[in-house]
Amino acid sequence: MSTVNSLFKITDGFSDLPIRLGLGTIFLAHGAQKLFGWFGGYGLDATGQWMASIGLEPGYLMALAAGSVEFFGGLFILLGLLTRLSAFGAAVTMLVAIFSAHLQNGFFMANNGYEFALALLLMAVALMLSGAGRLSVDAKLFGN
C-alpha cells in the first residue's frame with residue numbers, strides 16, 4: 001500500500017470516535033484560548049509574551065502556530081477530516097509543551113507537570129495509527 005493510501009485508510013469501527021471527540025474538543029478549546037482569548041484564555045499577544053518568556057521565539061508567531069494547530073486541528077479531529085495529519089500536528093504540539101513547559105515540574109498536573117499533555121499526546125498517537133473511523137468526513141471522502 002502506498003504512503004498516500006495508508007494516510008487515508010479508514011478503519012471500519014467506532015472505537016476512534018470517543019478519542020476524536022475528546023481530543024478534538026480539548027484542542028479546539030485550548031486553541032480558542034490562545035487565538036481569541038475565549039474560555040478564560042489570554043489571546044495571541046499575552047500567549048506570545050508567555051511563550052517568548054520560556055524561550056519559544058518569536059513568541060507571537062509561536063502562539064499563532066500553536067493556537068492554529070490546536071484550534072483548526074481540533075476542529076478537523078472532531079469532524080474526522082484529515083485526521084492522521086491533524087493528530088500529527090496535535091502530537092508535535094504536545095511534545096513541545098511537555099519539553100518546554102511541563103517536564104521540569106514532574107509528572108502530576110497539580111504541579112503543572114506533564115501528565116495531561118502526555119495523555120493528549122498518546123490520544124493523538126492513537127489517532128495517527130488508527131485514523132478517523134467509520135463516522136468521519138475522512139470515511140465519506142476516502143471510503144475504505
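Things to note:
- Exactly one residue out of Leu64, Leu21 is touching a residue at least 24 places away in the same chain (Cβ under 8 Å), surrounded by fewer than 15 Cβ atoms within 10 Å (Cβ to Cβ) and within 15 Å of the chain's Cα centre (by Cα), and it is Leu21.
- Total residues in segment 41-88 satisfying the condition of being of a type in the set (Gly, Ala, Ser) and closer than 30 Å to Leu17 by Cβ: the figure is 10.
- Per the conditions (1) in a helix (DSSP H, G or I); (2) more than 12 Å from the chain's Cα centre (by Cα), the sole criterion not satisfied by Leu28 is (2).
- Which numbered condition Glu70 misses (of (1) crowded, with 20+ Cβ neighbours inside 10 Å; (2) more than 17 Å from the chain's Cα centre (by Cα); (3) not polar (S, T, N, Q)): (2)
- Between Ser15, Ser53, the distinction of being surrounded by fewer than 14 Cβ atoms within 10 Å (Cβ to Cβ), among the hydroxyl-bearing types (Ser, Thr, Tyr), out of contact with any Lys or Arg (no Cβ under 8 Å at 6 or more places or on another chain) and at pLDDT 95 or above belongs to Ser53 only.
- Helices (runs of 4 or more DSSP H) fully within segment 65-144 counting 2 or more residues that are under 30 Å from Asp45 (Cβ atoms): 83-97, 115-130
- Residues being small (Gly, Ala, Ser) and at positive phi - total across segment 26-46: 3
Yes/no per residue for (1) among the hydroxyl-bearing types (Ser, Thr, Tyr); (2) touching an Asp or Glu at 6+ places or on another chain (Cβ under 7 Å):
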| position | (1), (2) |
| --- | --- |
| Gly80 | no, yes |
| Ser86 | yes, no |
| Ala90 | no, no |
| Gln104 | no, no |
| Asn112 | no, no |
| Ala117 | no, no |
| Leu129 | no, no |
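- Leu129 being touching a Leu at 6+ places or on another chain (Cβ under 6 Å) and either at pLDDT below 95 or of a type outside the set (A, V, I, L, M, F, W, C) (or both): no
- Test: residue in segment 29-39 that is surrounded by 15 or more Cβ atoms within 10 Å (Cβ to Cβ), within 30 Å of Gly13 (Cβ to Cβ) and basic (Lys, Arg): no
- Evaluated against (1) touching a helix residue (DSSP H, G or I) at 6+ places or on another chain (Cβ under 7 Å); (2) without any contact (Cβ under 8 Å) to a residue 60 or more places away in the chain; (3) crowded, with 16+ Cβ neighbours inside 10 Å; (4) not charged (D, E, K, R), Phe107 falls short on exactly one condition, (3).
- Number of positions in segment 77-96 that are within 10 Å of the chain's Cα centre (by Cα) and crowded, with 22+ Cβ neighbours inside 10 Å: 7
The values are calculated or read from the model by the stated rules, or taken from the named source; none is laboratory data. In this text, all values refer to a predicted model and were calculated from it rather than measured experimentally. As a convention, Cβ positions derive from the backbone with ideal geometry for all residues, glycine included, and neighbour counts pool all protein chains shown.
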